[in-house]
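For reference, the structure is listed below as structure tokens.
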Amino acid sequence: MNDKTQTDRTIWSEIGRGLLATLPVMISAFPFGLIFGALGIAKGLSPLAVMSMSLFVFSGSAQFVAILLLGTGSGLGVIWLATLILNLRHLLYAATLVDHVRHLNQIWRFGLSAWLTDETFAVMERRYRIEGDAPYAHWYYLTSCLGMYLNWAFWTFIGIVLGTQYKGIEKWGLEFAMVVTFIGIVMPALRSRPYWVAAIVAAVVATLGHALPFKLGLMLGALAGIGAGLALQEIKRRNAASEVA
């Protein structure tokens, strides 16, 4: 895409394009939020607690793991550690996107990092890879973040309503639907070797540690996958730098 087309774009055009690009993943993510809201109620949490998790945590994978750990009677320390390790994958995202937002001030960078999700990362990685940078590209980014946030909050609320209206919803097999949803989110993101290596290492370690208490196998798998992905990403970056030099 030529530089003139990039320069001619306004803030509003970037907002519109960001929303349009994010709409497909918003639609694909709605079952995720619906299931979380219903499952949270089924696990005994109050509607306020479930809604607060989506509004203030805003991390679907971490929220699901927290719900499952609460169901096994795990302590807050274990839940905190599990969600921390699981969200370390954002280090991979940061390594990919940082050069595109480095010029922004701290307020912008804090907001974009706080609202970054797997879906928005997929949208922005594709946008920057195909179109490169542009003066108002961060508005595209922000629109994707806010679109996913509002979408997640809305479908969590609908899930809460369903969970309170239909008793015995915990017997509907929602946990399985959650696993399928995770697979649907992860597979499209596996576009390069570091992500494939991270996914494979995480799967192997989590499977080997399946029998460990407090879902420790899941935590170890996430940590091992993130470590492997970051290591390969760093090797790839250094090789690229040496070729340029």
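The values are calculated or read from the model by the stated rules, or taken from the named source; none is laboratory data. Here the structure is a predicted model, which is why all the values come from computation and not from measurement. Please note: Cβ atoms are built from the backbone with ideal geometry, for glycine as well, and neighbour counts cover all protein chains shown. Ligands, DNA and RNA are stripped out before the accessible areas are found, and what is left, the full protein with its side chains, is counted by its heavy atoms. Shrake-Rupley method; radii C 1.70, N 1.55, O 1.52, S 1.80 Å.
Some values worked out for this structure:
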{"item": "Net charge of neighbours whose Cβ lies under 14 Å from the Cβ of residue 117, counting Lys and Arg as +1 and Asp and Glu as -1", "result": "-2"}
{"item": "Most positive-pole-ward Cα, 220, 36, 88, against dipole of the chain from beta carbon charges", "result": "220"}
{"item": "Local electrostatic count at residue 148 - Lys and Arg +1, Asp and Glu -1, tallied over other residues with Cβ under 13 Å", "result": "-2"}
{"item": "Sites residue 131 and residue 165 - FRET efficiency at Förster radius 35 Å, r taken between beta-carbons, to 0.05", "result": "0.20"}
{"item": "Around residue 93: net Lys/Arg minus Asp/Glu count, Cβ-Cβ under 14 Å", "result": "+2"}
{"item": "Globularity ratio of region 190-245, using Cα Rg and 2.2 N^0.38 Å", "result": "1.37"}
{"item": "Residue-level accessible surface for residue 133, protein heavy atoms, 1.4 Å, Å²", "result": "90 Å²"}
{"item": "Cα-centre dipole for region 3-188 with unit charges at Cβ (Lys and Arg positive, Asp and Glu negative), debye to 20", "result": "200 debye"}
{"item": "For region 190-245: accessible area per residue (Å², 1.4 Å)", "result": "66 Å²"}
{"item": "Built amide H within the under 5 Å cut-off of residue 212, gap 5+", "result": "217"}
{"item": "Apportionment of accessible area to carbon and sulfur, the chain, percent (1.4 Å)", "result": "70 percent"}
{"item": "Relative contact order [Cα under 8 Å, 6+ residues apart], the chain, whole percent", "result": "31 percent"}
{"item": "In sequence order, calculated HN-Hα J values of region 20-27 (Karplus, 6.51, -1.76, 1.60; Hz; x Gly/Pro)", "result": "5, 5, 8, 3, x, 6, 4, 5"}
{"item": "Percent breakdown of C-alpha pair distances by 5 Å bin, ordered from the shortest bin, for the chain", "result": "1, 6, 12, 16, 17, 17, 13, 8, 5, 3, 1, 0, 0"}
